[in-house]
């Protein structure tokens, strides 16, 4: 049985490859129920994955993953080009082309905030950037719905990343241009090459509605569509991909646990070897969760207003999915408990009101900021492939 691939997605794979001058090698495998993920093993010796002559200078003799898990996504190395020289626009300029409910990735360093529109990263998957002097790589894998930010300083060197054109468990494999080590986007681990076994540091970021970003950060800036490449920004090449009844594209990996359909949207957190997933279906019902992971009290906030960029032909006109964010409940030596009062998120200790960015906007704690917790959006199949022992939150 073959996975059904949306026609427009298949056409896009061929188009991207054609633009790069290389014919795509598209495979449509089904999930291998016998495959079982394992803890990261020590580097091993082994044959290199299939690549074009001269395509990579990676030392493929060192790796922590079986190369038979690596599939071609169609485009070759850098066939989906990373943004290496980002330019920015003001909020008022970007408001001319972003829809109110369209998703953007919000990143904040100190008082500086920047929005990375999904409609741009959909076509590039990686933006090598810096904010407030902090070198960051902002990534988005459409096939897994994973928007992940990494600090790209590793030891005394700053890395910048490109796309390999390969997937593992349907997830983007990146490479750094300094050593051409391959990195798994879902977990930030170096899986093949000189730096195998290294781990990139995660940096918190949120997927929020454009209207919420511009209201909260009127002086922030926005990744521009002036990328140096011609792409049909605002159009979604993966129409209908996130239908909960769909199957993931190019997924060859462990059978997805049957607690949920593979394409279920989840917000995921991992700490101290413990992992937890919060389904968007449940979050949309409760809006506020008080939980603990690895002994640390956390809060999950959900609010409506964000649409799916993978639903219809336009990234700003999909169905409602909402926004979710995670924060520490510890503030000034006290552990807060949150609840929904009508449409407002309030803490039970002071009745202060909080927004989706973890900022108190009214009450005695107005102006206080909760510490963000790294929490990543995934489709269930993607997270479960890498973290099979995940606990699924139940209210």
Exercise. Please work out which residue is nearest to residue 248 (Cα to Cα), limiting yourself to the stretch 131-140 and to residues that are surrounded by fewer than 24 Cβ atoms within 10 Å (Cβ to Cβ) and in contact with a strand residue (DSSP E or B) (Cβ under 6 Å, 6 or more places away or on another chain).
Key: 136
Quiz item: So which strands (runs of 3 or more DSSP E) stay within the stretch 88-146 end to end and still have 1 or more residues that are modelled with pLDDT of 95 or more and under 23 Å from residue 176 (Cα atoms)?
Solution: 103-109, 112-117, 126-131, 134-141
Exercise. Taking the residues in the stretch 239-260 that are in contact with a helix residue (DSSP H, G or I) (Cβ under 6 Å, 6 or more places away or on another chain) and surrounded by 22 or more Cβ atoms within 10 Å (Cβ to Cβ) as candidates, determine which candidate is nearest to residue 169 (Cα to Cα).
Key: 253
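Residue-by-condition table, conditions (1) crowded, with 21+ Cβ neighbours inside 10 Å; (2) at pLDDT below 95:
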residue: 200; (1), (2): yes, no
residue: 203; (1), (2): no, no
residue: 212; (1), (2): yes, no
residue: 219; (1), (2): no, no
residue: 262; (1), (2): yes, yes
residue: 287; (1), (2): no, no
residue: 296; (1), (2): no, no
Quiz item: Of the numbered conditions (1) surrounded by fewer than 22 Cβ atoms within 10 Å (Cβ to Cβ); (2) farther than 28 Å from residue 359 by Cα, residue 76 satisfies every one except a single condition; which is it?
Solution: (1)
Self-check item: Hey, residue 98 in contact with a helix residue (DSSP H, G or I) (Cβ under 7 Å, 6 or more places away or on another chain) and buried (at least 16 other Cβ atoms within 10 Å of the Cβ) or not
Solution: yes
Exercise. Scan the stretch 314-360 residue by residue and report those that are under 30 Å from residue 236 (Cβ atoms), exposed (fewer than 14 other Cβ atoms within 10 Å of the Cβ) and modelled with pLDDT of 95 or more.
Key: 319, 320
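The values are calculated or read from the model by the stated rules, or taken from the named source; none is laboratory data. Fair warning: this is a prediction, and the values are worked out from it, not measured in the lab. Virtual Cβ from ideal backbone geometry, glycine too; neighbours counted across all protein chains shown.
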